[in-house]
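A short write-up of the structure that comes next.
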Amino acid sequence: MNILVAIPLIPALVFFLFFLLPRATRTKMLFLPIGAMAVSLVLSLMAFSTVFPGAEKLAEHGAQFTSYTIGVIGGVPLNISLRLDALAALMLLVVTIVGMAVQVYSLSYMKGEERIGWYYAVLSLFTAAMLTLVLAGDFLLFYMSWEVMGLCSYLLIGFWNTNDEARRASIKAFLTTRVGDVGFAIGLAYMWATVGSFDIPTVLGSAHTWGPGVATAIALLLFFGAMGKSAQFPLHIWLPDAMAGPTPASALIHAATMVAAGVFLVARSLPIFEASGVALQVVLIIGATTALLAASMGSVQHDIKKVLAYSTISQLGFMFMGLGTGNVSAGMFHLFTHAFFKSLLFLGAGSIIHSLHTQDMREMGGVGKSMKVTTVTFTVGTLALSGIMPFSGFFSKDLILDHLWREGHYVIYSVALASAFLTAFYMARLWFRVFSGTPRKAGHAHESDMKILSPMIVLALLSVLAGATTLVFGEFLGSETEWPSLVMGGASTIVALSGIGLGWALFGNGRDPEAVRARASKVYMIVTNRFFLDLVAEQYIAGGYNRLSEKVNWFDKKVINGIVNGVGVACRQAGTQLRRLQAGRVQVYQRLVVAAVLVLVLVAVLATGV
Amino acid sequence: MTVGLPAFLLLAALLFSLGLYGVTSKKSAVMVLMSLELMANAVNINLVAFSRFLTPEKMTGQVFAMFMMVVAAAEIGLGLALVIALYRQTKTVELDHINELRG
Amino acid sequence: MSPTVALIPFAILGLLTLGCAAMMLFSRNVVHAAFWMLASMVSTAGLYLLLSAEFLALVQLLVYAGAVAVLVLFVVMLTLRRRADAVRPIDFSLPALALAVSFAALACFMVLSLVPAYPDSLPSVAPGVTELGLELFSTWVLPFELASLILLVALVGAVWWSGGVKRS
């Protein structure tokens, strides 16, 4: 059997096996999904090594390819095919590594859950779907696995299905991404009508012959799908709510699977976007808007996971900005590094939540003293996300900024820089609140066990080292990358450091402006000058900023959510009116059906011009 | 005086319309089922006429008509069983009184 | 000289079929309606004979005239508590009539305008029961067996639905 088929098939088979087994047996057989994941990881490494160093070898071997015909429609064979090229090989690694880490981690994190077997089954299917999507050689298979992922995210987010919040969140996630999927599906239909093929190389190869109008329409429809999956403004609303799911599942969704799929879709079909030109601008603008809005919303959250969720949305915005410059490696490199440090951050947050039994940062503090390993790895993740020099996030973010500057998108560049500042700020806010100071309400923290820590250590190492691959990465994907220039790198480092500095000024040493504000009577304020500066900072800088952020948050909740909900309300109203037709009288339905048939036949007759 | 294919088709169309009227207007479930049989019958006439006039050797139309009869027989059997089951539950065969589908 | 369908027998049988169907729809008594349906089915069998489909005519008599009509009568009997319940309003409905009329108009229009002009003469070959049997049990043997399976399932289903309610 072809190695390409085996990579996604093995985890998928585990899912089907678990689907059939009774619950008790599943719980005893958790080694199976982990083993399957390990096999997939090894196979992915092998697949990667066959295409590795770069384009020459790929051209020599040709992209590896397997194809199956699943049906013939109107004389045209409908193929699904698997295809290994540089982009796919790279994503294979990301998905299997993060998937493996999450599965090992979950052994301890989800221990004692009654439905742990089902959890592992869905996790396997999720990974399998993402692997299929990555390997898909045609848009049909791409779309199928895309939808399977939607289902899996629904199942995972709603894993604790007795919890009302989780149930709602899962439905919200499913429906919101479906809205995007509709766009994607229409785009695919349009694509079929234009090219008559779903085969990715064929479609991309002919993209420049479509004419700008068609290319723009198809690109935007595809991007609409990507916006849903990758939580881009205004379809980002599902992602923060999705935090109701188990933390390791969030790590998987945020780093390697679900949200990465949207970025991957755009990266895959970038030639269509380039053929359009306008679509690239849209990607840039949406990415920039999302990055800035999500970053500012992330800085007013109190739930540690929500901060990370908004951070993901914001970073996805960065990736889209990178792709919006028309450069695959700019977006994909950030996806690559982000996968490692964001899953690391989620796993770290999970470790903290596991030990403190709260997600509220206001109740945390002083964790640094008791959870050494978690602290070190989480710090690595924080620095990588903030974009501090030797860590991977610095290189990938800088690549995007660099491209934005060079392509002359100065406004977008400044927005990106502002987002980078906010990123550093909210991560510093999170770090100081959780790790420094003294323990607050939540009980004393204790370090987690090795099953939780070892994946985090591995991911931390990768987060540090991934930056070193900057040059190799670009060469591998066939587009040039350079080390950050001194000016660019300097600028972004200064921005990141000042973000962290502001975070330290407001939240360092266990300070907590909100607590201060609560206690501060006038007298207290006058007597203790020591806090005066803090209060100024808090009132005028942080306060104003907080208010702004809350405004943005309000805008997001009311206006954006309002529009989305408004569509729902409109549908419900229409339903209430239409309900009168549904009086339960079968013959009324029957008459409607017959009348509709009559109209259709009449149209058909008139259309044939008899 | 002879008649051709269109005559049979017209006859079938009229019979079908009669059945259609019955299905959409009758309030008794039994009457509705009987009207359905009329419609099936009209279709059968079409099939047989086409078969005789156009492809007599293959007899596809006749074979299809036979299968239609099988399906129609199964349908009326099940339909009447449903009527009886409904009658047990609701003591009525009036379709207007059965509105479980109300939205 | 190839065979043709004579107008007079066709007109008689066709009018009988349609007339009986109409009478079925406009009779007040359900039992009478069932008998009108029976008559309509028998005339249809006559039409099959005109089309030299002898076997089908026989099946039509057996299935519709025999089985279906009896079944309908049984159900009418089972669902009527009093003799008077059999008599019911005609259930005239204007929308249904409009639909049916427009359907008939559309169908007739399509028949008259879309069906190309064929000669009235029938093809001279008129395969008989033997050929039908051979065809049915060679080309169509698998669908035929499936049909028997469908009937069996329908039989079991009908017994299941109409059978006894659990008395708990």
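Within the range B:85-103, the residues that satisfy the criterion of being part of a helix (DSSP H, G or I), within 14 Å of chain A (Cβ to nearest Cβ) and exposed (fewer than 15 other Cβ atoms within 10 Å of the Cβ) are B:Thr90, B:Asp96, B:His97.
Residues that are facing chain B (nearest Cβ under 8 Å) and charged (D, E, K, R) do not occur anywhere in the range C:136-147. What about B:Phe67, is it surrounded by fewer than 20 Cβ atoms within 10 Å (Cβ to Cβ), of a type in the set (Phe, Trp, Tyr) and within 7 Å of another protein chain (Cβ to nearest Cβ)? For B:Phe67, the condition - surrounded by fewer than 20 Cβ atoms within 10 Å (Cβ to Cβ), of a type in the set (Phe, Trp, Tyr) and within 7 Å of another protein chain (Cβ to nearest Cβ) - is met.
For the range C:56-90, a residue qualifies if it is under 13 Å from C:Val30 (Cβ atoms) and crowded, with 20+ Cβ neighbours inside 10 Å, and the qualifying residues are C:Ala69, C:Val72, C:Val75, C:Val76, C:Thr79. Comparison of B:Leu82, B:Leu78 shows that the only residue that is assigned to a helix (DSSP H, G or I), within 14 Å of chain A (Cβ to nearest Cβ), within 20 Å of the chain's Cα centre (by Cα) and on the phi < 0 side of the Ramachandran plot is B:Leu82. When restricted to residues that are over 17 Å from A:Ala88 (Cβ atoms), polar (S, T, N, Q) and under 23 Å from the mean Cα position of the chain (by Cα), the range A:27-47 contains 0. Residues that are crowded, with 24+ Cβ neighbours inside 10 Å and closer than 21 Å to A:Gly298 by Cα: does the range A:216-227 have at least one? Yes: one or more hits.
Among residues of the range C:44-70 that are at negative phi, none has a beta-carbon under 6 Å from a residue that is surrounded by fewer than 16 Cβ atoms within 10 Å (Cβ to Cβ) and in a loop (DSSP other than H, G, I, E, B) at least six positions away or on a different chain. If you go through the range C:7-17 and keep only what is in contact (Cβ under 8 Å) with a residue 12 or more places away in the chain and either surrounded by fewer than 18 Cβ atoms within 10 Å (Cβ to Cβ) or not aliphatic (A, V, I, L, M) (or both), you end up with C:Pro9, C:Phe10, C:Gly14, C:Leu16, C:Thr17.
Within the range B:29-45, the set of residues being within 9 Å of chain C (Cβ to nearest Cβ) and touching a residue at least 60 places away in the same chain (Cβ under 8 Å) comprises B:Ala29, B:Val30. Considering the conditions (1) more than 7 Å from every other protein chain (Cβ to nearest Cβ); (2) assigned to a helix (DSSP H, G or I); (3) within 23 Å of C:Leu122 (Cβ to Cβ); (4) not small (Gly, Ala, Ser), C:Pro3 is excluded by exactly one of them, (2).
Of the residues making up the range B:46-64, those that are within 8 Å of chain C (Cβ to nearest Cβ), assigned to a helix (DSSP H, G or I) and either buried (at least 24 other Cβ atoms within 10 Å of the Cβ) or polar (S, T, N, Q) (or both) are B:Val48, B:Ala49, B:Ser51, B:Arg52, B:Gln62. For the range A:196-247, the candidate set comprises residues that are assigned to a helix (DSSP H, G or I), among the polar types (S, T, N, Q) and over 16 Å from the mean Cα position of the chain (by Cα); within that set, the residue that is nearest to A:Leu141 (Cα to Cα) is A:Thr202. Of all residues in the range C:20-43, count the ones that are more than 8 Å from every other protein chain (Cβ to nearest Cβ) and either within 30 Å of C:Arg81 (Cα to Cα) or aliphatic (A, V, I, L, M) (or both). Qualifying residue count for the region: 13. Restricting attention to the range A:413-433, the residues that are under 17 Å from A:Leu280 (Cβ atoms) and surrounded by 24 or more Cβ atoms within 10 Å (Cβ to Cβ) add up to 1. If the condition is being touching a Phe, Trp or Tyr at 6+ places or on another chain (Cβ under 8 Å) and over 20 Å from A:Ala491 (Cβ atoms), then the range A:376-395 contributes A:Phe378, A:Thr379, A:Val380, A:Gly381, A:Thr382.
Taking the range A:7-34 as the search range and keeping residues that are surrounded by fewer than 17 Cβ atoms within 10 Å (Cβ to Cβ) and of a type in the set (Phe, Trp, Tyr), which one is farthest from A:Leu82 (Cα to Cα)? Only one residue tops the list, namely A:Phe31. Residue count for the range A:379-392 under the criterion of being part of a helix (DSSP H, G or I) and under 12 Å from A:Phe340 (Cα atoms): the result is 6. Scanning the range A:443-461 for residues that are in contact with a Gly (Cβ under 8 Å, 6 or more places away or on another chain) and at pLDDT below 70 turns up just one, A:Ala445.
The values are calculated or read from the model by the stated rules, or taken from the named source; none is laboratory data. Everything numeric in this text was worked out from a predicted model, so none of it was measured. Cβ atoms come from the backbone with ideal geometry, glycine included; neighbour counts cover every protein chain shown.
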